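One structure is given below, encoded as structure tokens.
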Amino acid sequence: MLAALILIGVIAMLIAATILVLRFYPAFGGRPSEETRTRMLRSSQYKKGKFVNLIPTSMDMSMRDYLSILGEFVKGTPGAKPEKALAAEPVDPRSQQSPHLAKVSWFGHSALLLELDGKRLLFDPMLGRSPSPFSWAGGKRFSDKPPIEIEDLPAIDAVLFSHDHYDHLDYSSIMRLKEKVGHFFVPLGVGAHLERWGVAPDRIEEFDWWDEIVWEKLVLACTPARHFSGRGLMDRNRTLWCSWVILGRETRIFFSGDSGYGPHFKQIGDKYGPFDLTLMECGQYDKRWAAIHMMPEETVQAHLDVKGKVMIPIHWAAFKLALHDWRDPVERAVHKAKELQVKIATPRIGESVVIGVDTFPTSEWWRE
């Protein structure tokens with residue numbers, strides 16, 4: 001009897017501790033305001049208290065699948081990580097942008113700096129150590145250091161987020177970055193996380209799918225993706241996920257965010273294409289979760305669907321979040337791009353790609 005009471009007490013304490021951590025540990029983020037919840041209720045994507053995709057997107061797996069995945073992660077996959085830390089190309093913080101030059105610098109995974117029409121826009125700036133609420137957990141990034149430290153970044157006009165997963169929205173990065181940023185553009189519900197972390201509400205703009213804004217003479221459009229969201233145990237799909245369209249004076253950019261393949265790519269291409277450059281998710285895939293992450297061959301097809309001219313594969317070369325060889329995403333994407341005669345740029349981490357010119361990085365640096 002005493003042993004049973006002790007066991008019940010221990011379980012109760014663990015449950016209470018978990019609830020307290022989820023409620024008060026800031027990295028888990030915040031809860032949407034009444035105003036945001038009202039907007040959510042008006043969204044055609046919001047059903048029964050959660051956001052949904054345009055087409056059925058099941059992430060249900062059998063217990064056998066879960067155990068199989070867990071066993072594979074524990075066992076390890078040959079080549080899932082580089083044998084040594086990847087070297088990033090250093091970004092010179094003193095470099096000045098020409099208002100006549102459009103370029104994008106890839107910081108690894110989905111973090112990008114876009115310089116367009118005299119403005120600097122950061123996308124999904126996860127520059128922290130680990131895609132986890134706890135910096136000591138989750139596995140560290142593949143590169144020995146980022147191409148530029150957050151403190152050395154120039155002033156950023158705007159940050160755009162695709163969704164609130166830890167490998168895209170990182171608490172430690174935002175805490176170091178927020179005072180450098182003029183404005184934050186996010187899908188519905190994500191602004192609550194930023195507000196909890198000290199970003200003033202008047203610097204945050206939340207979007208539903210197909211919402212547009214003209215900001216500093218750029219058109220920003222929040223467009224669909226096929227994915228999901230959540231940072232805690234009980235908040236799956238309580239915030240929206242998205243892709244982004246950025247239209248400059250002469251340059252059109254598409255950023256896919258995280259997405260499984262679907263008809264939304266053609267819809268976006270028909271409405272906003274063609275695009276001079278697409279930044280396309282390519283990595284962290286598996287046939288068991290193919291509905292929410294594209295296979296590399298689908299990535300190339302999605303680029304064609306949105307009517308892209310040049311594609312940069314992103315969402316790879318930073319973290320082990322799947323079971324494939326770390327080089328497979330880009331190898332497979334390059335192979336398919338050659339087959340379909342698609343122009344594909346393969347910058348090193350930190351390397352810039354000038355948009356709208358005939359020359360761009362194509363080296364197979366991951367083989368070195």
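Of Pro224, Pro187, all but one fail to be in contact (Cβ under 8 Å) with a residue 12 or more places away in the chain and in contact with a His (Cβ under 6 Å, 6 or more places away or on another chain); the exception is Pro224.
Being among the charged types (D, E, K, R) and touching an Asp or Glu at 6+ places or on another chain (Cβ under 8 Å) is the filter; apply it to region 332-368 and report the residue that is nearest to Arg120 (Cα to Cα). Step by step, filter region 332-368, then rank; the result is Glu351.
For region 215-243, which residues satisfy the criterion of being part of a strand (DSSP E or B) and either open to solvent by less than 30 Å² (accessible area, probe 1.4 Å) or under 14 Å from Tyr166 (Cα atoms) (or both)? Selection gives Leu218, Leu220, Ala221, Cys222, Thr223, Ser243.
Inspect region 54-65 for any residue being among the aliphatic types (A, V, I, L, M), open to solvent by less than 30 Å² (accessible area, probe 1.4 Å) and part of a loop (DSSP other than H, G, I, E, B) and give the result as yes or no. No, region 54-65 contains no residue that is among the aliphatic types (A, V, I, L, M), open to solvent by less than 30 Å² (accessible area, probe 1.4 Å) and part of a loop (DSSP other than H, G, I, E, B). Number of residues in region 238-288 that are among the small types (Gly, Ala, Ser) and under 30 Å from Leu70 (Cβ atoms) equals 6. The condition of being under 21 Å from Gly248 (Cα atoms) and open to solvent by 10 Å² or more (accessible area, probe 1.4 Å) holds for only one of Asp144, Asp152, Asp117, that being Asp117. Within region 193-205, the set of residues being within 21 Å of the chain's Cα centre (by Cα) and surrounded by fewer than 23 Cβ atoms within 10 Å (Cβ to Cβ) comprises Glu195, Arg196, Trp197, Val199, Arg203, Ile204, Glu205. Taking region 21-39 on its own, how many of its residues are in contact with a Lys or Arg (Cβ under 9 Å, 6 or more places away or on another chain), more than 27 Å from Met294 (Cβ to Cβ) and open to solvent by less than 60 Å² (accessible area, probe 1.4 Å)? Residues flagged as in contact with a Lys or Arg (Cβ under 9 Å, 6 or more places away or on another chain), more than 27 Å from Met294 (Cβ to Cβ) and open to solvent by less than 60 Å² (accessible area, probe 1.4 Å) within region 21-39 amount to 5. Looking at region 253-260, can you tell me whether even one residue there is surrounded by fewer than 19 Cβ atoms within 10 Å (Cβ to Cβ) and either within 21 Å of Asp358 (Cα to Cα) or modelled with pLDDT under 95 (or both)? For region 253-260, residues surrounded by fewer than 19 Cβ atoms within 10 Å (Cβ to Cβ) and either within 21 Å of Asp358 (Cα to Cα) or modelled with pLDDT under 95 (or both): absent. State yes or no: is Ala317 within 28 Å of Glu149 (Cα to Cα) and either open to solvent by less than 30 Å² (accessible area, probe 1.4 Å) or touching a Cys at 6+ places or on another chain (Cβ under 8 Å) (or both)? It is true that Ala317 is within 28 Å of Glu149 (Cα to Cα) and either open to solvent by less than 30 Å² (accessible area, probe 1.4 Å) or touching a Cys at 6+ places or on another chain (Cβ under 8 Å) (or both).
Whether a residue is outside any strand (DSSP E or B) and under 22 Å from Gln284 (Cα atoms) was assessed, and His100 does not pass this test.
The set of residues in region 135-168 that are among the charged types (D, E, K, R), assigned to a loop (DSSP other than H, G, I, E, B) and farther than 16 Å from Phe319 by Cβ comprises Glu149, Asp164. Is it the case that some residue within region 109-126 is part of a strand (DSSP E or B), of a type in the set (Asp, Glu) and in contact (Cβ under 8 Å) with a residue 24 or more places away in the chain? No, because not a single residue in region 109-126 is part of a strand (DSSP E or B), of a type in the set (Asp, Glu) and in contact (Cβ under 8 Å) with a residue 24 or more places away in the chain. Against the test of being within 19 Å of the chain's Cα centre (by Cα) and either open to solvent by 30 Å² or more (accessible area, probe 1.4 Å) or at pLDDT below 95 (or both), the options Glu339, Glu351 yield a single qualifying residue, Glu351.
Of all residues in region 47-67, those satisfying the criterion of being of a type outside the set (Val, Ile, Thr) and in contact (Cβ under 8 Å) with a residue 60 or more places away in the chain are Gly49, Lys50, Phe51, Asn53, Leu54, Ser58, Met59, Met61, Asp65.
The values are calculated or read from the model by the stated rules, or taken from the named source; none is laboratory data. Remember, predicted model here, so these are calculated numbers, not experimental data. With ideal geometry, Cβ positions are generated from the backbone for all residues, glycine too; neighbour counts draw on all protein chains shown. For the accessible areas, the whole protein counts, side chains as well, though only heavy atoms, and no ligand, DNA or RNA atoms are used. Shrake-Rupley method; radii C 1.70, N 1.55, O 1.52, S 1.80 Å.
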